[in-house]
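The structure appears right after this line, and notes come after that.
The values are calculated or read from the model by the stated rules, or taken from the named source; none is laboratory data. In this text the structure is predicted, and so the values were computed from the model without any measurement. With ideal geometry, Cβ positions are generated from the backbone for all residues, glycine too; neighbour counts draw on all protein chains shown.
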Amino acid sequence: MTTTTIQIDGMKCKCCSSGVGKRLTELPGVKKADVDLASGQARVEFDASQTSHEALLAVIRGAKFKARVLKSTLAA
C-alpha cells in the first residue's frame, strides 16, 4: 500500500474538499482519501498496482484544482 500526500490549490469550501475526496475514492485501488480544506492537502492510501500518482492528480485536476505530490511512502 502506498500513502501519498498531495497539495491541492484552489479549494474554497467544504463541498470542494468532500467532492475531491469522493472522486479519489472512486478510483480503483484507493483505500482511503482524507482531504483537509484548511491545509489544502489530501492524504491518499492506494494500491500502486491498481492506480498511480498520475491518476490521482488527473482526478483532482479534472475537478479544476491545481495539484502536486508532496511526498509518497510505500508501506513495507
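If you scan the range 43-76, which residues turn out to be in a strand (DSSP E or B), out of contact with any helix residue (DSSP H, G or I) (no Cβ under 9 Å at 6 or more places or on another chain) and in contact (Cβ under 8 Å) with a residue 60 or more places away in the chain? Spell out how you get there, then give the answer.
Here is the first cut: in the range 43-76, the residues in a strand (DSSP E or B) are 43-46, 66-74.
Next, only the ones that are out of contact with any helix residue (DSSP H, G or I) (no Cβ under 9 Å at 6 or more places or on another chain) stay: 43, 45, 70-71, 73-74.
Those that are in a strand (DSSP E or B), out of contact with any helix residue (DSSP H, G or I) (no Cβ under 9 Å at 6 or more places or on another chain) and in contact (Cβ under 8 Å) with a residue 60 or more places away in the chain: 70, 71, 73, 74.
Please count how many residues of the range 15-26 are in contact with a helix residue (DSSP H, G or I) (Cβ under 7 Å, 6 or more places away or on another chain) and either at pLDDT below 95 or under 15 Å from residue 69 (Cβ atoms) (or both). Matching residues across the range 15-26 total 2. Applying the set (1) surrounded by 12 or more Cβ atoms within 10 Å (Cβ to Cβ); (2) modelled with pLDDT under 95 to residue 73 leaves exactly one unmet item: (1).
From 22, 32, 66, grab the single residue that is within 10 Å of the chain's Cα centre (by Cα) and over 15 Å from residue 4 (Cβ atoms).
Numbers: 32 fails: over 15 Å from residue 4 (Cβ atoms); 66 fails: within 10 Å of the chain's Cα centre (by Cα).
Being within 10 Å of the chain's Cα centre (by Cα) and over 15 Å from residue 4 (Cβ atoms) holds for just one of 22, 32, 66, which is 22.
Here's the yes/no breakdown for (1) surrounded by 15 or more Cβ atoms within 10 Å (Cβ to Cβ); (2) hydrophobic (A, V, I, L, M, F, W, C):
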{"site": "9", "(1), (2)": "no, no"}
{"site": "14", "(1), (2)": "no, no"}
{"site": "22", "(1), (2)": "no, no"}
{"site": "29", "(1), (2)": "yes, no"}
{"site": "32", "(1), (2)": "no, no"}
{"site": "37", "(1), (2)": "yes, yes"}
{"site": "65", "(1), (2)": "yes, yes"}
